[in-house]
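To start, the structure itself, in structure tokens.
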Amino acid sequence: MTLPAWAYVLLFILFDALAVAMLQWGVTLSSSRVALSNPLIGFWGFVSAMWTSQRFVFVLNLLAIGLVYLIVLFLTNRFWVATPVLLVAAALISVIEHFKVVSRYEAVLPSDLDFLHADAGNIMTFLPAGSTWVIVAALIAIAIMILASVLLGRADRRRGRVVATGNRRLGASIRFAGVLVPALVLSLFMSAVGTYGSWANSFSRWMGDLPSMWDSVYDSQRNGTFISFSRQLNPKVMDRPSDYSQATMETLARRYAKEAQAINAKRSTYMDESTVVYILSESFSDPTRVPGLHVNMDPMPNIRALKRNTTSGLMLSAGYGGGTANMEFMALTGLSMANFDPSLTSPYQQVVPDLKWVPTVNQIWGAPKNSQAFHPYEPSMYSRAQNYKTFGFSHFYSLAGRDVIAHQDHIGSSPYVSDKSAYDSALEKMGSSRARQFVEIITMQNHMPYNDWYVGNPYQVSADDGSQPLGDDEASSIRTYAKGVNLTDQATRGFLDSIERIGKPVTVVFYGDHLPGIYTTAGADQNNSLALHLTDYFIWSNKASAARDTNLEGSAYTSPNFFTAQTAEHMDAKVSPYLAFLTRLRGKVAAMEPPVVNQIQGWERIPDGQTIYLDGHGKPMDARGFDKETRRLLHDYKLIQYDIMAGKHYLKQASFTQAPTRAADEAAARKAQQRREAKKENGGSESPQAPVQNSAQ
């Protein structure tokens, strides 16, 4: 038989769609382990989005993979060779995706390519149970596809030849163009689709692409495996400052080393001589502060009373209804989302997996054995399991993986592990070690949704007089949330009481990452924007700590990037040049965050908005009115962040982030004393006089 041209076009579209379907199978589960927050999206849901929500991401993936198909077609000049090559590649990738999703609930990321290259011999150890049958089925399917292609190629009188002309030179030119043009378009698209404002990003969004960076599996299900992978290949981190150079960074390091010396001369303790606990309390905030909302009882009396007697205030959050990992990133690193390019929506997913060095607060405690983290949920979310290794944590206790969290109790019909269980799990590990350490706790109890989990819930909510009445669904969600806040309040009080009984100094930094995205009525009023981005925080020390009952002035407002500098000040602890810089900056700007907007099932930065700056009284600041020193500090911040996240790491060489320790300071003091004694013995010179050489010598 001789196939007409239109038949090849039709078969091209059919096999292209089959390749897309195979890739989507790799990230589709029969049940989602995080279905509460991210609904399961199968292949049909992926396709039907075209008429249910006017999102044409299926077509977008068809076009992208179609370009790959064209490259192989013109390269081989045989339809029945290019087709099995494409389908076999799609099958292999989908099987790999399937194994990773089943075993880790995480899609294949660009960073995995380095892993496969470095540890190819260990890949078999990550195969989940039952993988043999999947491999066998895949091999059978591959064999059938190859056999079918061979038979169809023999039956096709044209043998599937794509370019068939009597002029060999013309045919070669057509094939060359057929490879070059789609390869160029594809490479440009893949390199730019993750950069806001680029033609590729604009086209992708016009087609309905909605990045969901908090969950790589959901992102692949929602937007397509190919597009989800491509957007993470070449993220734009931030613009390179015009004066960035080794000399600039060395000058900057010396400037803040002097600042650190001035600060440290007035401080008496060291951070690593205490245990420090960071608690990111999921969605925790005071519902009584929401404009237009009345709650019949105080849901957080314990934390409210505690805040009056210790360093505390309100934290400016870059998220509303989501964005947890970005708050966590800022708290751990001291870096700010405000400095990043708008394209970078999730450093945990887009940048950190590829970095070899990221300075984080836990590194102050030295050896990795002195750092551990607890999160009663999936370790793959936001690539935490991988990133915590980069940060230097020795253990990450979660619901899966090598270190499984000890306590997993639920309250009522809530699907999430309670805050008390998260606290109890951390307390057991903290109490079993006399060493000073850094502990990270990320809770899940108050995560969305809020579906009337608690029996006998006494909380009632209503609109204030003159406000728009609450809808039934909104009121029900807020009631459930208010009870969850109360449970957190009780569990946190119990946790702090237990820490009081630990015979070593402990300081706790507690903060809510963002408000829950349930305040529909209040959110409809743009005047409430700032109020809906302020959560509660406090820094508290137990009775074994010299910082007990410390209540710093000027702490009414902050943002998570300043937490470590504030903690050092609260503890009267000596600082690194980096923390000295953050301390100085916070003296000028109390809080800073990029503008954000709530999205369905998540959040996204507003690329065209303005960075939000607050003064010490919580009033917005106009950057155009900043004095010269504030402008220089903000520019230095960008230099520091660029060097760490996208630059040459000159600051690592300059020990910019290295915090002082008592042992190091005492050793330096001994050396200084020895030099003074040597100088005294040598008549005022620090070393014996060397003989003077004459000009002939």
Distant-in-sequence amide H partners of L534 (H built 1.01 Å from N, under 5 Å): S317
Principal axis dimensions, largest first and in whole angstrom, of the range 316-369 by Cα: 35, 24, 17
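Are there trypsin sites (Lys or Arg not before Pro) in the range 429-486 that DSSP puts in a loop and that have at most 12 other Cβ atoms within 10 Å, and which ones? Please report the intermediate quantities before stating the final value.
Details: sites: K429, R434, R436, R479, K483; in loops: R434, R436.
Taking the range 429-486 and a limit of 12 other Cβ atoms within 10 Å, the loop trypsin sites (Lys or Arg not before Pro) found are R434.
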Cleavage-rule hits, trypsin sites (Lys or Arg not before Pro), the range 516-600, DSSP coil, Cβ neighbours within 10 Å at most 16: K543, R548
Whole-Hz ³J(HN,Hα) from phi, Karplus 6.51 cos²θ - 1.76 cosθ + 1.60, for the range 647-656, glycine and proline x: x, 8, 6, 4, 5, 5, 5, 8, 6, 5
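Two-decimal Rg/Rh of the range 339-388 from alpha-carbon positions, Kirkwood Rh?
Values: Rg = 12.6 Å, Rh = 12.6 Å.
Reported Rg/Rh (Cα atoms, Kirkwood Rh): 1.00.
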Radius of gyration and maximum dimension Dmax of the range 197-264, Cα, Å: 20.2, 56
Whole-number Å³ per residue for the convex hull built on Cα positions in the range 639-680: 82
Cα-only Debye scattering, the chain: base-10 log of I(q)/I(0) at q = 0.06, 0.11 Å⁻¹: -0.42, -1.18
Whole-Å semi-axes of the ellipsoid equivalent to the range 440-534 (Cα gyration tensor, √5λ, descending): 31, 17, 11
Rounded to the nearest 10 Å², the accessible area of L427 at probe 1.4 Å: 30
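So what's the convex hull volume per residue for the Cα atoms of the range 141-279, in Å³?
Values: hull volume 40.7 nm³, N = 139.
Roughly 293 Å³ of hull volume per residue.
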Prolate/oblate/rounded label for the range 480-603 (Cα gyration tensor, a/c 1.5): oblate
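Can you list the trypsin sites (Lys or Arg not before Pro) in the range 304-409 that are in a DSSP coil and have 13 or fewer other beta carbons within 10 angstrom?
Values: sites: R304, K307, R308, K356, K369, R384, K389, R402; in loops: R308, K356, R402.
Loop-located and lightly packed - R308, K356, R402.
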Charge sum, other residues only, whose C-beta stays under 11 Å from G26's C-beta, Lys/Arg counted +1 and Asp/Glu -1: 0
Cα radius of gyration and Dmax for the range 379-502 (Å): 17.7, 56
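Please list the helices of the chain that count as membrane-span-like by this rule: a mean Kyte-Doolittle hydropathy of at least -1.0 together with Cα atoms stretching 24 Å or more along the helix axis, each helix being a complete DSSP H run.
On the way: long enough: 5-26 (32 Å, 1.72); 57-76 (28 Å, 2.69); 79-104 (37 Å, 1.48); 131-155 (36 Å, 2.20); 168-192 (36 Å, 1.30); 246-264 (26 Å, -0.73); 472-500 (42 Å, -0.64); 628-645 (26 Å, -0.83); 662-681 (28 Å, -1.91).
TM-like helix candidates: 5-26, 57-76, 79-104, 131-155, 168-192, 246-264, 472-500, 628-645.
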Within the chain, helix-based [θ] at 222 nm, where runs of 4 or more DSSP H residues each add -39,500 (n - 2.57), nearest 500: -14500 deg cm²/dmol
Estimated FRET transfer efficiency (Q490, K369; beta-carbon r; R0 35 Å; 0.05): 0.60
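Going by accessible area, probe 1.4 Å, with all protein chains left in place, what is the ranking of H407, H533, largest first?
On the way: H407 55, H533 25 Å².
The most accessible residue leads, giving H407, H533.
The values are calculated or read from the model by the stated rules, or taken from the named source; none is laboratory data. Just so we're clear, the structure is a prediction, and the values are computed from it rather than from any experiment. Counting neighbours? That spans all protein chains shown, and the Cβs are built from the backbone with ideal geometry, glycine included. Accessible surface is based on the protein model in full, side chains and every heavy atom, while ligands, DNA and RNA are left aside. Shrake-Rupley method; radii C 1.70, N 1.55, O 1.52, S 1.80 Å.
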